[in-house]
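Undergrad: What follows is a structure written as structure tokens; I'll ask about it next.
Quick note: the coordinates plus some simple rules give every number you see, no bench work behind them. Everything numeric here is computed off the predicted structure, so don't read it as measured data. Glycine gets a Cβ as well: all are built from the backbone with ideal geometry, and neighbour counts include every protein chain shown.
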Amino acid sequence: MSAYAIQSDNIVTFEGTSGVTDGFIVVKDGLIREITQRKPLNIPCYTAAGMTVTPGLIDAHTHLVHAGSRENELADKLSGVPYMDILKKGGGILSTVRATRTASIEELKDKARKSLDIMLAHGTTTVEAKSGYGLDIHTELKQLKAAKELNGEHPIDIISTYMGAHAMPPEYKDNRRGYLDLMINEVMPKVTDAAFVDVFCEDGAFYLDETREILQAAKALGFGVKLHADEIEPMGGAELAAELGAVSAEHLLKTSDAGIEALAQAGVSAVLLPATSFYLMTGSFARARDMINAGVNIALATDYNPGSCPTENLQAVMTFAAFGMGLMPIEIIRAMTSGAAKALGLTDRGAIKPGLKADLVIFGTPNIDYIVYHFGLNHVHSVIKDGIFVKGGLHADRYDC
Ligand code: NIG
Ligand code: FE
């Protein structure tokens, strides 16, 4: 069925003053054609009365493809061992690197496919996926290939990011220059399956000057650039993102006033990860309100990864954005739809608007406040990707709404 309508009294469009309307969404050939108060004639109509329709959720920051899990670090973590200390001892990211290097591409895909299924069930229709658990050329390209193949096989769209600068590989521990040269001269020119390059700019990962050098080289090769910035220490990562004209700066827990101003001036999106703040147990959240007030575009994402945030569920992130950052439900949904689309440079999705992709989530709740209010469970009733029901389904009255 190429054309149909969905009727709801609660459609979150992000167009108009309130961004919420009631009426009919007309979908044809995978695209949104019209939002109208008039009943469309001669097409089947699905009723979502008493439910809430939003754009498909966009998870703008994940480490989707990897092997293994790290529950063996939980006791240390709960006893107060800092995240970067676990990495220094060869655990953390490096433990996942060991598992990912020895995994086959099919093993990586099987695990990531399960995560994609969970994401879809919770309302995610587009996901960004970073590499960075190989660090060597073979494994980095293997991760990116896995993501590319899954993009073709799974309903969720996957936008890939090369993140070889996620940790210093053990074999280059005493030769930082050698690893920078490898990424810049050998790996990045061979990366054909990623839109972006990202660097973990942090004391214990990559310093400011190293980050600048890697990302300048990435830009010269035509990649958009992103930074894991000011996550643990205030490094001036946000200021560097502004200097480089990055598409986004991500984490930003420790960003200064000057850093926020720099993001606003340069039009860099802030990708905020409040579930990671919760999981790191440092009590520190990014200053989302100050960023919004300064005019910075905000995205909220899971940061799904096996160490600092093992969840695929954007509805869990809603809880932490509300109760950790004080954001309102409408701000949260915006940051997971139109705000997240902007943080990925996507102009074909993220709102319910004629001409955009018909990626839609139908929440079984009377309004969006209820999604955030009744926390800890999955409120998704149905998911539509490119116009097709990929989860759930609604009752269709043929040719009548
Ligand atoms: O975004 N901070 C660096 N990278 C990830 C964590 C990766 C891991 O612990 O495996 C993050 O939090
Ligand atoms: Fe991350």
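Undergrad: Report the Cα centroid-to-centroid distance between region 12-75 and region 268-337 in angstrom, as an integer.
TA: Their Cα centres are 19 Å away from one another.
Undergrad: Here's a follow-up. Cross-link candidates for K226: which lysines have Cα within less than 23 Å, leaving aside residues fewer than 8 places away along the same chain?
TA: Result set, ordered by chain and number: K130, K142, K145, K148, K190, K254, K342.
Undergrad: Moving on to the next point. If I take the Cα coordinates of region 141-229 and project them onto the principal axes, what are the three extents in Å, biggest first?
TA: 42, 24, 23
Undergrad: How big is the Rg/Rh ratio for the chain, C-alpha atoms only, Rh by Kirkwood, two decimals?
TA: Checking Rg against Rh, the ratio lands at 0.98.
Undergrad: Using only the Cα atoms, work out Rg/Rh for region 1-153, with Rh taken as the Kirkwood radius, to two decimals.
TA: 1.15
Undergrad: Test of understanding: in a Gaussian network model of the chain with alpha carbons linked when under 10 Å, which of D174, D22, D230 would top the mean-square fluctuation ranking?
TA: Result: D174 has the largest fluctuation of those listed.
Undergrad: Let me ask you something else. Could you work out the relative contact order of region 253-376? I mean the mean sequence separation of Cα pairs under 8 Å and 6+ apart, divided by the number of residues, in percent.
TA: For region 253-376, the relative contact order is 23 percent.
Undergrad: For H138 and D76, calculate 0.36 nm times their separation in residues minus their Cα-Cα distance, and state this gained length in nm to one decimal.
TA: Using 0.36 nm per residue and subtracting the Cα-Cα distance, I get 19.2 nm.
Undergrad: Run the numbers on the chain and let me know its relative contact order in percent, using alpha-carbon pairs under 8 Å that are six or more apart.
TA: Numbers: 946 pairs, mean separation 86.9, N = 401.
Dividing the mean separation by the residue count of the chain yields 22 percent.
Undergrad: To continue, here is another question. Angle between the Cα long axis of helix 208-220 and the longest principal axis of the chain, 0 to 90 degrees, nearest 10?
TA: Long axis of 208-220 versus the principal axis of the chain: about 60 degrees.
Undergrad: Follow-up question, since we're still on this one. Between E128, E261, E231, find the one with the highest GNM mean-square fluctuation for the chain; connect C-alpha pairs within less than 10 Å.
TA: Of the options given, E261 has the highest mean-square fluctuation.
Undergrad: GNM, the chain, Cα, under 10 Å: largest mean-square fluctuation among H379, H61, H228?
TA: Largest GNM mean-square fluctuation: H379.
Undergrad: Right, something else. On a straight-distance basis, which lysines could pair with K39 in a cross-link, Cα separation under 22 angstrom, same-chain partners fewer than 8 positions away excluded?
TA: K28, K353, K357
Undergrad: Can you tell me the Rg and Dmax of region 63-166, counting just the alpha carbons, in angstroms?
TA: 14.2, 42
Undergrad: Between S104 and S284, what is the label-to-label distance in nm when each label sits 7 Å out along the Cα-to-Cβ direction?
TA: 4.3 nm
Undergrad: Hey, another quick one. Rounding to the nearest 10 and keeping the result within 0 to 90°, find how far the Cα-based axis of helix 257-266 lies from the longest principal axis of the chain.
TA: Between helix and principal axis, roughly 60 degrees.
Undergrad: Another one. Among H122, H166, H138, H154, which comes first, then next, by fewest other beta-carbon atoms within 10 Å?
TA: H138, H154, H122, H166
Undergrad: Across the Cα atoms of region 286-377, what radius of gyration and what greatest pairwise Cα-Cα distance (Dmax) are found, in Å?
TA: Final numbers for Rg and Dmax: 13.6, 40 Å.
Undergrad: So, one more: Starting from the Cα of K391, draw a straight line to each of the aspartates and glutamates and keep only those under 19 Å, dropping any in the same chain fewer than 8 residues away.
TA: Of all the aspartates and glutamates, those that pass the test against K391 - Cα under 19 Å, at least 8 places apart if same chain - are D29, D59, D117, E153, D157, E312, D359.
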